Amino acid sequence: MAYEQAQKQTQKEHTLSMQNREKLSLTGVTDVSGFDESTIVLVTAMGPLSIHGEGLHIDRIDLTVGQLEVRGRISELRYEEAAQAGGFWSRLFG
């Protein structure tokens, strides 16, 4: 089996469902990096995710199964791309 296929099979599925920009349900969450009333930073199976808004709070969290529920006024969801390792030359000739 190719390495890429094995890696995809071990990754948790990541889903996101939002209702009226006030309730957000996620799966595939592996960690919560930080949170306050305006920002929640998560690590998901698809990379880091920042949730921005007002009056945000975590209603339910179960990292053993990767589920999280957020309530508040959600204004932005942003996935961060992982920085590529190595310098310019290693990326160019890698």
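The values are calculated or read from the model by the stated rules, or taken from the named source; none is laboratory data. Owing to the predicted nature of the structure, the values given are computational and were not obtained by experimental measurement. So basically every Cβ, Gly included, is an ideal-geometry build from the backbone, and we count neighbours across all protein chains shown.
If you take just the strands (runs of 3 or more DSSP E) that sit entirely in the stretch 11-58, which of them hold at least 2 residues that are within 14 Å of Ile74 (Cβ to Cβ) and under 12 Å from the mean Cα position of the chain (by Cα)?
Output list reads 23-27, 39-44.
Quick one: Met1 ticks every box in (1) in contact with a helix residue (DSSP H, G or I) (Cβ under 9 Å, 6 or more places away or on another chain); (2) at pLDDT 95 or above except a single one, so which number is it?
Looking at each condition in turn, Met1 falls short on (2).
How many of the residues making up the stretch 26-66 are touching a strand residue (DSSP E or B) at 6+ places or on another chain (Cβ under 9 Å) and more than 24 Å from Glu81 (Cβ to Cβ)?
Here the count works out to 10.
I'm told Met46 meets every condition in (1) surrounded by fewer than 17 Cβ atoms within 10 Å (Cβ to Cβ); (2) touching an Asp or Glu at 6+ places or on another chain (Cβ under 9 Å) except one. Can you identify the failing condition by its number?
With respect to (1) surrounded by fewer than 17 Cβ atoms within 10 Å (Cβ to Cβ); (2) touching an Asp or Glu at 6+ places or on another chain (Cβ under 9 Å), Met46 is out only on (2).
Only residues that are at pLDDT 95 or above and loosely packed, with under 11 Cβ neighbours inside 10 Å: list them for the stretch 13-33, please.
Within the stretch 13-33, Ser17, Gln19, Asn20 qualify.
With the requirement that a residue be aromatic (Phe, Trp, Tyr), loosely packed, with under 10 Cβ neighbours inside 10 Å and at pLDDT 80 or above, what does the stretch 68-94 give you?
Hits for the stretch 68-94: nothing passes.
Of everything in the stretch 15-54, what is among the hydroxyl-bearing types (Ser, Thr, Tyr) and in contact (Cβ under 8 Å) with a residue 40 or more places away in the chain? Give them in sequence order. Please lay out each step first, then the result.
Restricting attention to the stretch 15-54, the residues satisfying the condition of being among the hydroxyl-bearing types (Ser, Thr, Tyr) are 15, 17, 25, 27, 30, 33, 38-39, 44, 50.
Ser25, Thr27 - these are the residues of the stretch 15-54 that are among the hydroxyl-bearing types (Ser, Thr, Tyr) and in contact (Cβ under 8 Å) with a residue 40 or more places away in the chain.
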